[in-house]
Amino acid sequence: MKRAYVETYGCQMNKLDSELAEQALSEAGFERADDPSQADLVVLNTCSVREHAEHRVVSRLGRLKPGSPLRKPGSVLALVGCMGQREGERLFQVAPHLDIVTGTKEFVRLPQLYDQARAGRTRLAALDLSDDFEYARDPRHRSDRHKAFVSIMRGCDLHCTYCIVPTTRGAEESRPLALVVDEVRRLVDDGVVEVTLLGQTVNSWGKQLPGAPDLADLLAALDELPGLLRTRFITSHPNFFRDRFWERVRDLRTFCPFIHVPAQSGSDRVLKRMARLYTTDQYREMVAEARAAIPDVALASDWIVGFPGETDDDHAQSRAFLREVGFVQSFVFKYSPRPETPSERRFDDDVPDAAKDARCNDLLAVQDELALAQSAREVGRTLEVLVDGPSKTNEARLSGRTRRNKIVIFEGPPHLAGRLVPITIDRASTQTLYGRLADAPAEDAAPAPPAAPRRLPLIPG
Ligand code: SAH
Ligand code: SF4
Ligand code: F3S
C-alpha cells in the first residue's frame, strides 16, 4: 500500500487544491498518511504571497531531508503550488533533495510523476500554466463534513503592483455555471450544507462565459438547491459589484450578508501606487450601494501596511477609513516585496520594519475596538447559527457561525452539527458571541428551502 502526506500553506484556494491533489492520489491507489514519516510521497502545497510564507516552506524542506526521522526511507518529496510555479526548477538548487516540482495546475499529475520518480527519474518539473484547468470533483475528498470550498474561477486579470498571484496562478478563467451547480449539487447530496465559492476576484466571475452570466446569477442558481443552507464567496473586488448586484442577491435564501472586499489602504495616493483601480470615494460608493440594499451587511477587509512611500499621514487615512466604513473584520499584512512584481521593480521597500509593526498593531487595535462594539450590539438578540460541531477550546460546547460570520459558542447536543439553530446571545467578546438555544425562531432566519426544486433560471452554461 502506498501512502501520501499533503501539507498545505496559503489561502483557501490552496486548501481546496490540496483536496484535489488528495483526490488524484486516492484515485491512483494512495492511502492518506497523517504524518510525513509514514508517507511514500510527501507533498508541500506552497504559498508565495509574502516572503514569510516562502521562508516557512524553505525551513520545512530543510527538515525533510532524506535520512531525517521525518522521512520514510526511499520516499519521494514534492513541492507544488504557488512557490513551485514561481520558482520552478530553481528550487532544485535550493533543495537538491526535492524530487518533484509542480505549479498551480499540474499538481493533479502527482501520481504519474511519483511513478516516474520511483522508476529512477529525479528532478521532475511540471509547470505548465497555459491549459484550462478542469477536474471532476469527487465530493468525498474534503476536510469538513458540512462545509466545502468550491472554486468558481482561477487566476487573476488584475495587476495590483504588490501581488505575485497573477504570476503564480495565471490569467482569469471562470468555470461554467452548469459545472459549478453540478459540483455543489453533488457536495450537497453528500451532506454539505454550506459552500464557499472561491476566486481571486470572485465577483468578476462569468465575464468570459457565453452570455456573460455574473455572480448574482450563479448565487440565484445555487439558491435553488434545497439541501443547501448557506452560500458564501471570497474574495471580492470593490469594482465588480455591478448590475444591481445587491438587490438581486439580498432576498436569496442562502445568501449570507458577510462580504470580504479588501480596501488595502485608505489613502488615494497609496491605492494609486498599488494600482487597485479605485479611489476611497469609489469604495465609499460601493459601500453606500450595498447598505442601501442590505442595511446590516457586514464588510471585512485586508490591509497592507508599510507599502513603499506610505507616510504616517497615509496610515492615519487607513485607520480613519477602517473606522468610517465600520469593517467587522480586518486582516492586516506588512508589505513584503515579491520578486519581479511592479512594486518591487519600481519602489524601494522604504518603510522600516518597526513602523510596519506599529501600523499593523494600530489597525488591529482599531478593528478590535469596532468588533467589540459590534458584538455587544448582538447581546439579547436571537440569531440563526449554523452549527459546526464541538468547540475547539471546549469540547463540551458547540461552535457555529451567524449569517454575518460571527463565531457563536453555546451548549447543546453534538447531533446539531450541520443544522441551523436559533441562539439567544448572552455575552460578547471581540471575536466570539456566547449564547443558549432559543425556543423562538431567530430574528434573522432565512426562509425555509423549497419542498420541490423550482425551475433553474435559463442561463447559458
Ligand atoms: N485576490 C485577493 C487576495 C489576494 S492575496 C484580493 O485581491 O483581495 C491576500 C491578501 O494578501 C491581499 O488582499 C493583500 O492584502 C495581501 N498581500 C498580497 N500581496 C502582498 C504583499 N506583497 N505584501 C503584503 N501583503 C500582500
Ligand atoms: Fe492580487 Fe490584486 Fe489579483 Fe487580488 S486582485 S489576486 S491582490 S492582483
Ligand atoms: Fe493563495 Fe498564496 Fe498562492 S495566497 S494564491 S497560495 S500565493
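Scanning region 19-44 for residues that are surrounded by fewer than 22 Cβ atoms within 10 Å (Cβ to Cβ) and either in a loop (DSSP other than H, G, I, E, B) or of a type in the set (Gly, Ala, Ser) (or both) returns Ala24, Ser26, Ala28, Gly29, Ala33, Asp34, Asp35, Ser37, Asp40.
The residues of region 298-311 that are closer than 30 Å to Ser375 by Cα and open to solvent by 10 Å² or more (accessible area, probe 1.4 Å), listed by number, are Asp302, Ile304.
Scanning region 316-361 for residues that are part of a helix (DSSP H, G or I), within 18 Å of Thr280 (Cα to Cα) and open to solvent by less than 20 Å² (accessible area, probe 1.4 Å) yields Ser318, Phe321, Leu322, Val325.
Here's the yes/no breakdown for (1) away from ligand 2 (no atom under 16 Å from the Cβ); (2) in contact (Cβ under 8 Å) with a residue 12 or more places away in the chain; (3) in the same structural domain as Leu110 (by TED's automatic domain parsing):
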position: Met13; (1), (2), (3): no, yes, yes
position: Asp35; (1), (2), (3): yes, yes, yes
position: Asn45; (1), (2), (3): yes, yes, yes
position: Arg50; (1), (2), (3): no, yes, yes
position: Gly67; (1), (2), (3): yes, no, yes
position: Leu70; (1), (2), (3): yes, yes, yes
position: Leu79; (1), (2), (3): yes, yes, yes
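Select from region 110-122 the residues that are at pLDDT 95 or above and open to solvent by 80 Å² or more (accessible area, probe 1.4 Å) and write down the one among them that is nearest to the chain's Cα centre (by Cα). Going through the qualifying residues, I end up with Gln112. Scanning region 41-52 for residues that are within 10 Å of ligand 1 (Cβ to nearest atom) and not hydroxyl-bearing (Ser, Thr, Tyr) yields Cys47, Val49, Arg50, Glu51, His52. When Ala298, Ala316 are checked against the criterion of being more than 18 Å from Lys272 (Cα to Cα) and of a type in the set (Gly, Ala, Ser), Ala298 stands alone in meeting it. When residues in region 194-245 are screened for being among the hydrophobic types (A, V, I, L, M, F, W, C) and part of a helix (DSSP H, G or I), 10 of them pass. In region 247-261, is there at least one residue being under 23 Å from the mean Cα position of the chain (by Cα), away from ligand 3 (no atom under 16 Å from the Cβ) and under 25 Å from Ala354 (Cβ atoms)? Within region 247-261 (the criterion being under 23 Å from the mean Cα position of the chain (by Cα), away from ligand 3 (no atom under 16 Å from the Cβ) and under 25 Å from Ala354 (Cβ atoms)), the answer is no, since none of the residues qualifies.
Taken residue by residue, region 7-14 has no member that is buried (at least 19 other Cβ atoms within 10 Å of the Cβ), β-branched (Val, Ile, Thr), over 19 Å from the mean Cα position of the chain (by Cα) and in a strand (DSSP E or B).
Within region 176-225, being within 16 Å of ligand 2 (Cβ to nearest atom), open to solvent by 20 Å² or more (accessible area, probe 1.4 Å) and at pLDDT 95 or above holds for one residue alone: Gln200. Across region 319-353, the number of residues qualifying as at positive phi and over 24 Å from the mean Cα position of the chain (by Cα) comes to 1. Is it true that Leu437 is farther than 20 Å from Leu222 by Cα, open to solvent by less than 30 Å² (accessible area, probe 1.4 Å) and at pLDDT 95 or above? In short, no. Considering the conditions (1) open to solvent by 60 Å² or more (accessible area, probe 1.4 Å); (2) on the phi < 0 side of the Ramachandran plot, His237 is excluded by exactly one of them, (1).
All of (1) more than 11 Å from ligand 2 (Cβ to nearest atom); (2) open to solvent by 20 Å² or more (accessible area, probe 1.4 Å); (3) in a loop (DSSP other than H, G, I, E, B) hold for Ala125 with one exception: (3). If you go through region 164-174 and pick out every residue that is more than 8 Å from ligand 2 (Cβ to nearest atom), within 15 Å of Gly103 (Cβ to Cβ) and open to solvent by less than 30 Å² (accessible area, probe 1.4 Å), you end up with 2. At least 1 residues being buried (at least 16 other Cβ atoms within 10 Å of the Cβ) and over 26 Å from the mean Cα position of the chain (by Cα) is the threshold, and among the strands (runs of 3 or more DSSP E) wholly inside region 369-420 those reaching it are 382-390, 407-410.
Yes/no matrix, rows are residues, columns are (1) surrounded by fewer than 17 Cβ atoms within 10 Å (Cβ to Cβ); (2) assigned to a loop (DSSP other than H, G, I, E, B):
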{"residue": "His141", "(1), (2)": "no, yes"}
{"residue": "Arg145", "(1), (2)": "yes, yes"}
{"residue": "Ala148", "(1), (2)": "no, no"}
{"residue": "Tyr162", "(1), (2)": "no, yes"}
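Restricting to region 299-320, what's the tally of residues that are β-branched (Val, Ile, Thr) and farther than 15 Å from Phe333 by Cβ?
Filtering region 299-320 down to residues β-branched (Val, Ile, Thr) leaves 304-305, 311.
Going one step further and asking which of them are farther than 15 Å from Phe333 by Cβ, we end up with 311.
Count: 1.
Being away from ligand 3 (no atom under 12 Å from the Cβ) and closer than 30 Å to Pro139 by Cα: is that true of Val49 here? Answer is no for this residue.
The values are calculated or read from the model by the stated rules, or taken from the named source; none is laboratory data. Model, not experiment: these values are computed from the prediction. Every residue, glycine among them, receives a Cβ derived from its backbone with ideal geometry; neighbour counts consider all protein chains shown. Areas reflect the complete protein model, heavy atoms only, side chains present, ligands, DNA and RNA absent. Shrake-Rupley method; radii C 1.70, N 1.55, O 1.52, S 1.80 Å.
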